[in-house]
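Data block below; observations after.
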Amino acid sequence: MNDHSPAGSRRLWADIDLDALRANVRTLRERAVDGAQLMAVVKADGYGHGLLPSAAAAREAGAAWLGTATPQEALALRAAGDTGPLLCWLWTPGDPWRQAVEAGIDVSVSGRWALTEAADAARAAGRVARVQLKADTGLGRNGCQPADWPDLVAAARAAEVAGTVRVTGVWSHFACADEPGHPSIGLQQAAFADALGAAARAGLDPEVRHLANSPATLTLPDAHYDLIRPGVAVYGLSPSAEVGTPQDFGLRPVMTLRARLASVKQVPGGHGVGYGHSYTTSGATTLALVPAGYADGVPRHASNTGPVLVAGKWRTVAGRVAMDQFVVDLGGDVAAAGDEAVLFGPGDAGEPTAEDWARAAGTIGYEIVTRVGHRVPRVYRGERAS
């Protein structure tokens, strides 16, 4: 939701810096080896930043490809006017295969059933389906197992000869690229090379071969092939602390989550705060109410640990995060209803970052930004007129 309401009327909102997103894409493109193109992954509503604005900004910054998980996301991009190369990879039987083929969307295929769906859709649509074959090189999720790969590539080549499909890509996904030096990384690279060799022997000549997600884009240049496929890095977050900080790679977080205090009041010592009284004031103090809760995406797991910038200082969630609100203890500091609280942002003004919230909640930065709910309006900075 794009919010154009006056700033003072907002309860809670996410500032989305599209100029930062564009700069991140350009920075990631500069890391690409041997002319590899960049696919900006915009699944999950652009990692919570907004599917359409994020996709448009990424294209403007030179993203040759976009990537989505679900066909609904891919079709929404086409409906909004995006006409560039676009891969969608999470398919189930009965999904809108024909609509995707008609829209020129590359569909990912991990088994014979999916190849059949794509070929049937192509015949129904009267056009060739663009298919990318996914190999399971060790992640163990989607993708074709090595034992079944020769049969799949042979069937895909037969479908090419029959004129129903064009194999435009061969790809896979790392399991542990966010753990530099993990032994599975080299094993997966070798397995991918084997998969590419089998595809070539079957007579396939894909347009793009791709393996590098965000951590591999940042740390494994020998995995870049024809296309790098960053997701979270596009939004200025690091895939893991082991890989490095966003600043280490010249990336800037795109989302800042802000709220306006709903209440500020004095309470005596020994006063319980929130459900279960998991926090009790140690003395007379000031409590501020932040109108954001787990219905907005604030992790309940960050009860008594989540950091917030209020009145110029880091505070910690006092008590449990509730559905719509949580409390911070200001001690002797002064604040008023309507003052701004910053849950996370780039960190420039001393505010916490999404990674700080991830540590507080025992999760990853990806989850912090993608879980920000739809009742939180997005306010776009750097949006260009269409």
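Taking the Cα-to-Cβ direction at Arg201 and at Glu383 and moving 7 Å from each Cα, how far apart do the two end points lie in nm?
5.3 nm
Okay, which of region 260-287 sit inside 18 Å, backbone N to the point 7 Å along the Cα-Cβ direction of Val334?
261, 263-267, 285-287
Full extension from Glu179 to Thr363: what is 0.36 nm times the residue separation minus their Cα-Cα distance, to one decimal in nm?
64.7 nm
Enter the angle in degrees (range 0 to 90, nearest 10) between the Cα long axis of helix 183-201 and the first principal axis of the Cα atoms of the chain, meaning the one along which they spread out most.
30 degrees
Run the reach check for Lys313 against aspartates and glutamates, Cα to Cα strictly under 17 Å, same-chain hits fewer than 8 apart removed. What comes back?
Those aspartates and glutamates meeting the cut-off are Asp329, Asp333, Asp339, Glu340, Asp348, Glu351, Asp356.
Whole Å is fine, so just give me how far the alpha carbon centre of region 152-194 lies from that of region 70-111.
Answer, in whole Å: 19.
For the ranges 292-298, 181-187, what's the packing order if you count other beta-carbon atoms within 10 Å of each residue, average per peptide, and put the highest first? Write out the running numbers ahead of the final one.
Details: 292-298: 22.3, 181-187: 13.6.
Packing proxy ranking, top to bottom: 292-298, 181-187.
Quick check: the distance between the Cα centres of region 124-143 and region 320-371, to the nearest angstrom?
Region 124-143 and region 320-371 have Cα centres spaced 40 Å from each other.
Less than 13 Å Cβ to Cβ from Ala58, Lys/Arg counted +1 and Asp/Glu -1: what total charge do the surrounding residues give?
+4
For the chain, what is the accessible area per residue in Å² when the probe is 1.4 Å? Kindly include the intermediate steps, with their values, before the conclusion.
Values: 15600 Å² over 386 residues.
Normalised by residue count, the accessible surface of the chain is 40 Å².
Along the Cα→Cβ direction, 7 angstrom out, place labels at Val161 and Asp15. What is the inter-label distance in nm?
My value for the distance between the label points is 6.1 nm.
Express the relative contact order of the chain as a whole percentage, based on alpha carbon pairs under 8 Å and six or more residues apart in sequence.
Numbers: 897 pairs, mean separation 70.5, N = 386.
The normalised contact order for the chain reaches 18 percent.
Checking the cross-link filter: which lysines have an alpha carbon closer than 27 Å to that of Lys134, excluding same-chain neighbours under 8 positions apart?
Straight-distance partners of Lys134: Lys43.
At a 1.4 Å probe, what is the % contribution of carbon and sulfur to the accessible area of the chain?
Details: 8050 of 15600 Å².
Using a 1.4 Å probe with all protein chains present, the chain comes out at 52 percent carbon and sulfur.
Given the options Leu237, Leu287, Leu21, state which has the largest fluctuation in a GNM of the chain using a 10 Å cut-off (strictly under) for Cα springs.
Among Leu237, Leu287, Leu21, the largest mean-square fluctuation in the Gaussian network model of the chain belongs to Leu287.
Using label points projected 7 Å from each Cα along Cα→Cβ, tell me how many nm separate Ala147 and Thr280, to one decimal.
6.0 nm
The values are calculated or read from the model by the stated rules, or taken from the named source; none is laboratory data. Note that the structure is predicted; figures quoted are calculated from it, not measured. Heads up, the Cβs are rebuilt from the backbone with ideal geometry, glycines too, and the neighbour counts pull from every protein chain shown. Ligands, DNA and RNA are stripped out before the accessible areas are found, and what is left, the full protein with its side chains, is counted by its heavy atoms. Shrake-Rupley method; radii C 1.70, N 1.55, O 1.52, S 1.80 Å.
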